[in-house]
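The values are calculated or read from the model by the stated rules, or taken from the named source; none is laboratory data. Note that the structure is predicted; figures quoted are calculated from it, not measured. Don't worry about glycine lacking a Cβ; one is built from the backbone with ideal geometry, like all the others, and counts go over all protein chains shown. All accessible areas refer to the heavy atoms of the entire protein, side chains included, with ligands and DNA or RNA removed. Shrake-Rupley method; radii C 1.70, N 1.55, O 1.52, S 1.80 Å.
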Amino acid sequence: MKRVVKATLVAAMLFSVVLGQGVVVNAETVTPVVTAKPTATVKPTATPTPIMRDNLSKFGLKKDLELPVTISAGGLSYTLEKLMVYDVKSKDAQELIKKYGYREQVFKQATKYMVWTKITIANDSQKLVQQTSKSPTSKWIINTNGSNLAGSMPKLKADEINSKEALWNWKLQPGQKLSTYQMYVSTEDITNLKILIYYGGGFDEKIIVKRQGE
């Protein structure tokens, strides 16, 4: 009797060891264990922050064209990338005036706003294009309220050709491109806005903000 009990215990122990090793002895009595695979976490796609290209809505102006806007004539192209209008007494305006040394006499007059622009100009012609003492005439114009905005000289950058921070004198060889910043001043509120280019006998313009009633 003792031998029968002992044999039964040994058989039970062997059965447990076999099950512990993952071998199914009796498929009808042993339920297989299924290990669930972890679900991959899908990260949400971040929405890119839109680039602020102008603050014209601050002045109640509705644009007819969204920046950037490009005009071209005679192989010279001008792209207005950004345009910000600042009260001349504002912190932003004063920081730019101090940083680049814009002409003090301009701001002692009836200047009301400074218009800070980011631009890209490209020479697709076959000859040198420049605005220096040898060719001082402006090639492009920003017009508002029927008048052309006056450019202001950055004294600290005036002697630098092709400044990428504050443009004054520039030269573009055939195929050359330049991205930079340029400042204008306005003595009155801006109610409409357009850009024009005159070069090589050609002309082009685009209206960004229409005059009321047009």
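Do any of Lys91/Lys139; Lys63/Lys134; Lys89/Lys194; Lys91/Lys134; Lys63/Lys164; Lys99/Lys127 go past 32 Å between their Cα atoms, and which?
Pairs exceeding the cut-off: Lys63/Lys134; Lys91/Lys134; Lys99/Lys127.
Return the FRET efficiency for the residue pair Glu66, Lys164: r is the Cβ-Cβ distance, R0 is 25 Å, and the value is rounded to the nearest 0.05.
Once rounded, the FRET efficiency stands at 0.55.
With only Lys, Arg, Asp and Glu charged, each at its Cβ (+1 for the first two, -1 for the last two), find how big the charge dipole of the stretch 139-214 is about the Cα centre; round to the nearest 20 debye.
About 200 debye.
Whenever you get a sec, compute what percent of the accessible area on the stretch 155-214 sits on carbon and sulfur atoms (1.4 Å probe).
Its accessible area is 45 percent carbon and sulfur atoms.
Report the label-to-label distance for Ser133 and Arg103 in nanometres (one decimal), using points 7 Å from each Cα along the Cα→Cβ vector.
1.6
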